[in-house]
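The values are calculated or read from the model by the stated rules, or taken from the named source; none is laboratory data. Just so we're clear, the structure is a prediction, and the values are computed from it rather than from any experiment. In this analysis, Cβ positions are derived from the backbone assuming ideal geometry, glycine residues included, and neighbour counts consider all displayed protein chains.
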Amino acid sequence: MKESSGPVLIRIYKLLRRHFGFLNWWPATTPLEMAIGAILTQNVAWSNVEKSIINLRKAGLLDLNRLLEAHPRTVKRCIAPSGYYNVKYKRLMSLLFFVRDELGKDVQNLSNMPIGVAREKLLGVRGVGKETADSILLYGANMPIFVVDAYTKRAFYRLGILKFPDMEYDDVQAVFMKNLKKDVSLYNDYHAQIVELGKNYCKKRPACERCPLNSICKHRIL
């Protein structure tokens with residue numbers, strides 16, 4: 001892993017924030033809605049998830065008990081825009097049973113546990129991987145953990161912060177958590193900024209000439 005430091009990471013964040021503004025992510029009205037979205041967004045664009053959330057809202061199913069009691073066909077029809085609806089239905093139900101049985105029906109009760117314990121419990125839920133678990137912890141339970149995704153690995157490898165583009169999730173996460181103060185708001189918005197960077201500029205075929213980080217990126221194409 002290449003050397004990185006808080007000042008470098010903060011400089012990157014400030015450049016992104018100046019370009020994109022404060023992003024107020026995750027777009028959800030309740031912690032439960034946020035957790036539902038974390039399952040549905042796996043391997044699909046957020047625009048598709050938004051359609052599924054709207055469907056669930058119109059059907060009156062953004063409620064734990066109602067969603068658990070709804071006919072599987074109804075739920076699958078609602079979440080179909082997110083793709084893989086049979087798989088995602090099973091994963092969603094597993095998460096909802098966990099929220100009901102282990103969290104007293106409140107996602108935010110995760111914050112009553114040590115963060116490592118809460119993370120391990122989430123990772124024990126069918127279909128919940130590290131990115132999904134950390135998203136729920138950060139955005140749903142307001143716990144200080146940095147979320148890593150494919151955009152993070154790609155962009156920070158190109159920036160020269162990461163030694164390899166395919167570093168392990170926990171190793172990439174440690175780069176941020178060891179060099180930034182433990183701040184939920186910072187972790188929240190920083191990850192949102194990275195997502196926007198990856199979607200708009202640092203793509204597989206990057207748009208380096210327009211990127212807000214092109215003055216400091218080692219990968220830039222001039």
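Of all residues in the range 12-54 being of a type in the set (Gly, Ala, Ser) and at pLDDT below 95, which is surrounded by the most Cβ atoms within 10 Å (Cβ to Cβ)? Break it down stepwise before answering.
From the range 12-54, those of a type in the set (Gly, Ala, Ser) are 21, 28, 35, 37-38, 45, 47, 52; that's our starting set.
From what is left, the residues that are at pLDDT below 95 are 28, 45, 47.
Values: ALA28: 17, ALA45: 11, SER47: 8.
Here the residue is ALA28.
Within the range 118-131, is even one residue touching a residue at least 60 places away in the same chain (Cβ under 8 Å), of a type in the set (Gly, Ala, Ser) and crowded, with 20+ Cβ neighbours inside 10 Å?
no
Residues that are assigned to a helix (DSSP H, G or I), of a type in the set (A, V, I, L, M) and under 21 Å from TRP26 (Cβ atoms): does the range 171-178 have at least one?
Within the range 171-178, the first condition is being assigned to a helix (DSSP H, G or I), and the residues that meet it are 171-178.
Narrowing further to those that are of a type in the set (A, V, I, L, M): 172, 174-175, 177.
Then keep just the ones that are under 21 Å from TRP26 (Cβ atoms); that gives 172, 177.
Within the range 171-178, one or more residues are assigned to a helix (DSSP H, G or I), of a type in the set (A, V, I, L, M) and under 21 Å from TRP26 (Cβ atoms).
Pairs please, first residue from the range 64-85 and under 17 Å from GLY37 (Cα atoms) and of a type outside the set (Ser, Thr, Tyr), second anywhere and part of a loop (DSSP other than H, G, I, E, B) and at pLDDT 95 or above, Cβ atoms under 6 Å, 6+ apart in sequence or on different chains.
LEU64/LYS105; LEU67/LEU61; CYS78/ALA59
The rows are residues; the columns are (1) in contact with a helix residue (DSSP H, G or I) (Cβ under 6 Å, 6 or more places away or on another chain); (2) among the hydrophobic types (A, V, I, L, M, F, W, C).
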residue: ASN24; (1), (2): no, no
residue: THR29; (1), (2): no, no
residue: VAL44; (1), (2): yes, yes
residue: LYS51; (1), (2): yes, no
residue: ILE54; (1), (2): no, yes
residue: LEU61; (1), (2): yes, yes
residue: ALA70; (1), (2): no, yes
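Any chance the range 1-11 includes a residue that's modelled with pLDDT of 95 or more and acidic (Asp, Glu)?
No, the range 1-11 has no match at all.
Can you find even one residue in the range 149-169 that is free of Cβ contacts under 8 Å to residues at least 40 places away in the same chain and loosely packed, with under 12 Cβ neighbours inside 10 Å?
Within the range 149-169, one or more residues are free of Cβ contacts under 8 Å to residues at least 40 places away in the same chain and loosely packed, with under 12 Cβ neighbours inside 10 Å.
Output the number of residues of the range 87-117 satisfying the condition of being surrounded by fewer than 20 Cβ atoms within 10 Å (Cβ to Cβ), aliphatic (A, V, I, L, M) and part of a helix (DSSP H, G or I).
4
Tell me which of these ASN214 doesn't satisfy, since it passes every other one: (1) in contact (Cβ under 8 Å) with a residue 40 or more places away in the chain; (2) more than 20 Å from ARG119 (Cα to Cα).
Among (1) in contact (Cβ under 8 Å) with a residue 40 or more places away in the chain; (2) more than 20 Å from ARG119 (Cα to Cα), ASN214 violates only (1).
Can you say whether PRO144 is surrounded by fewer than 19 Cβ atoms within 10 Å (Cβ to Cβ) and in a loop (DSSP other than H, G, I, E, B), as far as the supplied structure shows? Before the answer, list the steps.
Values: surrounded by fewer than 19 Cβ atoms within 10 Å (Cβ to Cβ): yes; in a loop (DSSP other than H, G, I, E, B): yes.
Yes.
Looking for something more than 30 Å from GLU102 (Cβ to Cβ), touching a Pro at 6+ places or on another chain (Cβ under 9 Å) and outside the structural domain of ALA45 (by TED's automatic domain parsing) - is there at least one such residue anywhere in the range 164-171?
no
Scan the helices (runs of 4 or more DSSP H) fully inside the range 1-86 and keep the ones with 2 or more residues being in the same structural domain as SER111 (by TED's automatic domain parsing), out of contact with any Ser or Thr (no Cβ under 6 Å at 6 or more places or on another chain) and among the β-branched types (Val, Ile, Thr).
Hits in the range 1-86: 31-40, 46-58, 72-79.
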